[in-house]
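Undergrad: Below: one structure in structure tokens.
The values are calculated or read from the model by the stated rules, or taken from the named source; none is laboratory data. What you are looking at is a predicted structure, and each value in this text was computed from that prediction instead of being measured. Backbone-built Cβ (ideal geometry, glycine too); neighbour counts: all protein chains shown.
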Amino acid sequence: MADISVRGLSKRFGPVTAVRELTFDVPAGQVTAFLGPNGAGKTTTLRMMLGLIAPSAGEALIGGLRYDRLPHPRRTVGAVLEAAGFHSGRRGRDHLRIAAQVAELSAARVDEVLDQVGLTDAADRRVGGYSLGMRQRLGLAVALLGDPEVVILDEPGNGLDPAGMAWLRELLRDLARQGRTVIVSSHVLSEVAQTVDRVVIVHEGSLRFTGPLAELADSGPALEAAFLRLTGAPVASALKES
């Protein structure tokens, strides 16, 4: 399976440096949390990993290659950056069929991923009638269509109820148990503490911590305290965002 290696990654937008010389690894077979306050540079970093924006310096490699050099990118990487971009009048199953066709993936995967994300019963409903949580599941289904080695998710728990969060936790762990590389950006620190093996924390575009969760915290409150210390975030603000 492919891992992710980030080396000296930086991104400037005019006079603003959004990401500053990030260096960290995301190993296969584990769930890694990518944490930071709003505006810390997390989404910009994930977009550079996926080749959606070019870095100003440094590189992000997946299995030793930049995303645009991967021979079969949709079979190597599955990603969800936002639960949007769905045609509201299209049925969930049809959206997946089109996504599979565009990516030159097997149509047989459609029913498999619908079952995997728990959308089989809603597959023939129009996406416009989906809740936010159901759209999150549909986005996950698209990401999993290629049976990818690497899964990159930005706030995948947004809109999920407690049962949905428990389901997501088990899904992420199962993907890691299969040897896949999983990186998840999230503000829900209590859930992160129950789910991940490793943590990467950034603040104002710079790296604050990278390593096993056990080196930083052994529970939700401990992770929250460490996060606040490393980012200098006001307690009330951080609790509200998480």
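Undergrad: Tally up the residues in the stretch 180-206 that are crowded, with 20+ Cβ neighbours inside 10 Å and touching a residue at least 60 places away in the same chain (Cβ under 8 Å), please.
TA: Of the residues in the stretch 180-206, 17 are crowded, with 20+ Cβ neighbours inside 10 Å and touching a residue at least 60 places away in the same chain (Cβ under 8 Å).
Undergrad: What number of residues within the stretch 57-81 satisfy the criterion of being in contact with a Ser or Thr (Cβ under 7 Å, 6 or more places away or on another chain) and not in a loop (DSSP other than H, G, I, E, B)?
TA: Adding up the residues that qualify gives 4.
Undergrad: Right, another one. Does THR76 satisfy the criteria of being farther than 23 Å from GLY211 by Cα, touching a helix residue (DSSP H, G or I) at 6+ places or on another chain (Cβ under 6 Å) and polar (S, T, N, Q)?
TA: no
Undergrad: Taking only the stretch 40-51 into account, find how many residues are part of a loop (DSSP other than H, G, I, E, B) and touching a residue at least 60 places away in the same chain (Cβ under 8 Å).
TA: Number of matching residues: 3.
Undergrad: Being at pLDDT 95 or above and either out of contact with any Phe, Trp or Tyr (no Cβ under 7 Å at 6 or more places or on another chain) or farther than 30 Å from VAL127 by Cβ (or both): is that true of THR43 here?
TA: no
Undergrad: Here is a follow-up. Can you confirm whether ALA214 is farther than 18 Å from GLY41 by Cα, aliphatic (A, V, I, L, M) and surrounded by fewer than 19 Cβ atoms within 10 Å (Cβ to Cβ)?
TA: So ALA214 passes the test.
Undergrad: Please indicate, with yes or no, whether at least one residue in the stretch 52-68 is over 23 Å from LYS11 (Cβ atoms), touching a Lys or Arg at 6+ places or on another chain (Cβ under 6 Å) and touching a residue at least 12 places away in the same chain (Cβ under 8 Å).
TA: No, the stretch 52-68 contains no residue that is over 23 Å from LYS11 (Cβ atoms), touching a Lys or Arg at 6+ places or on another chain (Cβ under 6 Å) and touching a residue at least 12 places away in the same chain (Cβ under 8 Å).
Undergrad: Quick one: is ALA2 hydrophobic (A, V, I, L, M, F, W, C), within 23 Å of VAL188 (Cα to Cα) and part of a loop (DSSP other than H, G, I, E, B)?
TA: No: the conditions fail for ALA2.
Undergrad: Would you mind telling me which numbered condition in (1) under 28 Å from ALA123 (Cβ atoms); (2) surrounded by fewer than 20 Cβ atoms within 10 Å (Cβ to Cβ) GLY64 fails?
TA: (1)
Residue-by-condition table, conditions (1) in contact with a strand residue (DSSP E or B) (Cβ under 8 Å, 6 or more places away or on another chain); (2) free of Cβ contacts under 8 Å to residues at least 12 places away in the same chain; (3) hydroxyl-bearing (Ser, Thr, Tyr):
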{"residue": "GLN101", "(1), (2), (3)": "no, yes, no"}
{"residue": "LEU114", "(1), (2), (3)": "no, no, no"}
{"residue": "ASP124", "(1), (2), (3)": "yes, no, no"}
{"residue": "TYR130", "(1), (2), (3)": "no, no, yes"}
{"residue": "ALA141", "(1), (2), (3)": "no, no, no"}
{"residue": "ILE152", "(1), (2), (3)": "yes, no, no"}
{"residue": "GLY164", "(1), (2), (3)": "no, no, no"}
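Undergrad: Return the residues of the stretch 136-159 that are over 16 Å from VAL31 (Cβ atoms) and crowded, with 20+ Cβ neighbours inside 10 Å; say none if nothing qualifies.
TA: Residues satisfying the conditions are GLN136, ARG137, LEU138, GLY139, ALA141, VAL142, LEU145, GLY146.
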